[in-house]
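The values are calculated or read from the model by the stated rules, or taken from the named source; none is laboratory data. Being a predicted model, the structure only gives us computed values, none of them experimental. Reconstructed Cβ throughout: ideal geometry from the backbone, glycine too, with neighbour counts over all protein chains shown. Heads up: the accessible areas ignore ligands, DNA and RNA and are worked out on the full protein's heavy atoms, side chains in. Shrake-Rupley method; radii C 1.70, N 1.55, O 1.52, S 1.80 Å.
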Amino acid sequence: MAVYSPLVTTKGTISTLMTIKAKFFATLRESLNIEQVDVNSDEVANVTDVWRVATAGEPMPDHVLCSVNLEHMPADTVVKDGDEIAFFPPVTGG
Amino acid sequence: MSVHIFPDPFVPADILSAHESSLTAGSFGATASFVGTMRDFNEGDDVTSMTLEHYPEMTAKQLQQIIERSIQDFDIQDALIAHRVGQINPGEPIVLTAVWSAHRAAAFDACRFLMEALKSEAPFWKKETLSDNSQRWVEKNTPGYSD
């Protein structure tokens, strides 16, 4: 299972800049076998792009919900350096 | 207002009592509360336990925002949400919502609002273990209204 690790640049130095954190929960975490990965923010413009890069191109199921910095947001939301994006199925608490 | 996330079993009456003791006696005339408890059955199957996963930082933020909306939108004094996470056994409380107000109408309405809002917005996910030890994710909530 993938877990968080700092990005390593082409110069071999560890960088925590220019990254977007992507998290996966519940059925998505299990089916994709990804818990958390960092995505280079240069490669993505919106939440859908983060999914594409983080999952290496897996199609996004219709029911997937997204959050940006702990708020529910649509998949076309623009993202920026330092954002935390999460993907999860419909919630079933209470 | 307060939000509680419990990784272990909690006693709703104790949470209610502790919170109410922080309010000014005589300043409210109605208390409405709802407790959701784990069943040992679902969709025709025997359920032996359940694991509640959540997104901790977002859960705390969303529940706090739901309480703030209830205080803004209803004529109430205070509100509380408590929720279990982790492994839960049948008969154990899963969720507690409670509201204090001057009169019953706002208390009932706001308490219902808290439950319906958290059911649709707070990032919790239930995974059931059945009597044959198989597991399955709960895919949707039951309707909140009977009609």
Fill in the blank from the handout: Check: C-alpha center the stretch B:1-36 vs C-alpha center the stretch B:58-122, spacing in Å is 10 Å
Practice task
Using a 1.4 Å probe over the heavy atoms of the protein chains, calculate the carbon and sulfur portion of the accessible area of the stretch A:18-88 as a whole percent.
Solution key: 51 percent
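What does the accessible area per residue of chain B come to in Å², with a 1.4 Å probe and no ligands, DNA or RNA counted?
Value returned for chain B: 51 Å² of accessible area per residue.
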Fill in the blank from the handout: The simple spin-label model distance between A:ASP81 and A:VAL64, using points 7 Å out along Cα→Cβ, in nm, is 2.6 nm
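Taking each residue in A:19-29, count the Cβ atoms of any other chain within 10 Å of its Cβ, then average. What number comes out? Provide the component values of the computation, followed by the final result.
Values: counts 0, 0, 0, 0, 3, 0, 7, 10, 6, 1, 2.
What the average comes to for A:19-29 is 3.
Kindly state, as a whole number, the per residue volume in cubic angstrom of the convex hull around the alpha carbon atoms of the protein assembly as shown. Please list the in-between numbers first.
On the way: hull volume 37.1 nm³, N = 241.
Expressed per residue, the convex hull around the Cα atoms of the protein assembly as shown is 154 Å³.
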Problem - Inter-chain Cβ neighbour average for residues B:131-137, partner chain, 10 Å - result: 1
Handout entry: Chains A and B, summed buried accessible surface - 1.4 Å probe, Å², nearest 100
Key = 1900 Å²
